[in-house]
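K.L.:
Can you read through this structure? Questions will come right after.
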Amino acid sequence: MNLHFTAIGMPATKGSPSQGGRYERSMVWTARVAAAALEAGADPLEGPLAIVIVFRLPRPGNHFVSRGLRFTAPAWPGDGPSIAKLTSAVLNALTGICWHDVSQVVEIRATKCYAEGGDTPCGVTVTVMTAPWRTTA
């Protein structure tokens, strides 16, 4: 069984209450991810799971010149936020929605790229699937 959904918004890492604004942004972000999963029909899955996550981040303003994208602009975001922390926030947001316990996730493939605007706004696309080696009774 597969579940595929997209959450639109600025991806955020998990913050702590002592971080003020960062914590509020992380709470809004995890709520968006959870809502997108529920809207896609998520129901906690059993057994080992694999997850594919694609984060789309905004390009910094210095990547552009008056004629468009600077030719020296990097193709991939090589700076923060950390892909590990972004992934952790998504995993925590989906616990109880896509799986009972995050320990069920046995394979993760995560990518972060730049949102190129228009058809690809900032956000995350998630695919959750039962691990292919799982046998059914």
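K.L.:
Which value in deg cm²/dmol, rounded to the nearest 500, describes the helix-derived mean residue ellipticity at 222 nm for the chain, given -39,500 (n - 2.57) per DSSP H run of n ≥ 4 and division by the residue count?
P.N.:
Rounded to the nearest 500, it is -7500 deg cm²/dmol.
K.L.:
Determine the per residue accessible area of the stretch 39-128 with all protein chains present and a 1.4 angstrom probe, expressed in square angstrom.
P.N.:
Each residue of the stretch 39-128 exposes 53 Å² on average to a 1.4 Å probe.
K.L.:
Moving on to the next point. Could you check how much of the accessible area of the stretch 1-57 is carbon and sulfur, as a whole percent, using a 1.4 Å probe?
P.N.:
After summing per-atom areas, the C and S share lands at 56 percent.
K.L.:
Could I ask something else about it? What span do the alpha-carbon atoms of the chain cover on each of the three principal axes, reported in whole Å from largest to smallest?
P.N.:
60, 36, 24
K.L.:
Amide H of residue 59 versus every other amide H placed in the peptide plane: which residues, excluding those fewer than 5 positions away on the same chain, fall under 5 Å?
P.N.:
Result for residue 59 returns 115.
K.L.:
Further question: Could you work out the local net charge near residue 74, counting Lys and Arg as +1, Asp and Glu as -1, over the other residues with Cβ closer than 14 Å to its Cβ?
P.N.:
Charge balance in the 14 Å sphere: +1.
K.L.:
Still on this model: Note down the nm distance, to one decimal, between modelled labels 7 Å out along Cα→Cβ at residue 83 and at residue 38.
P.N.:
A separation of 3.1 nm, rounded to one decimal place.
K.L.:
Search the structure for amide H atoms under 5 Å from the amide H of residue 105, placed 1.01 Å from N in the peptide plane, and list their residues when 5 or more places away or on another chain.
P.N.:
49
K.L.:
Using only alpha carbon pairs under 8 Å that are at least six residues apart, calculate the relative contact order of the chain and give it in whole percent.
P.N.:
Relative contact order here is 44 percent.
K.L.:
Over the residues of the stretch 36-77, compute the C-alpha Rg and express it relative to 2.2 N^0.38 Å.
P.N.:
After normalising by residue count via 2.2 N^0.38 Å, the value is 2.00.
K.L.:
Per residue of the stretch 39-44, what does 6.51 cos²θ - 1.76 cosθ + 1.60 with θ = phi - 60° give for ³J(HN,Hα)? Whole Hz please, x for Gly and Pro, Karplus curve as stated.
P.N.:
5, 7, x, 4, 9, x
K.L.:
Here's a follow-up. Out of the chymotrypsin sites (Phe, Trp or Tyr not before Pro) in the stretch 1-51, which ones are loop residues according to DSSP with at most 14 other C-beta atoms within 10 Å?
P.N.:
Qualifying residues, ordered by number: none.
The values are calculated or read from the model by the stated rules, or taken from the named source; none is laboratory data. What you see is a predicted model, and the numbers here were worked out from it, not measured in a lab. Positions of Cβ are backbone-derived with ideal geometry, glycine not excepted, and every protein chain shown enters the neighbour counts. Heads up: the accessible areas ignore ligands, DNA and RNA and are worked out on the full protein's heavy atoms, side chains in. Shrake-Rupley method; radii C 1.70, N 1.55, O 1.52, S 1.80 Å.
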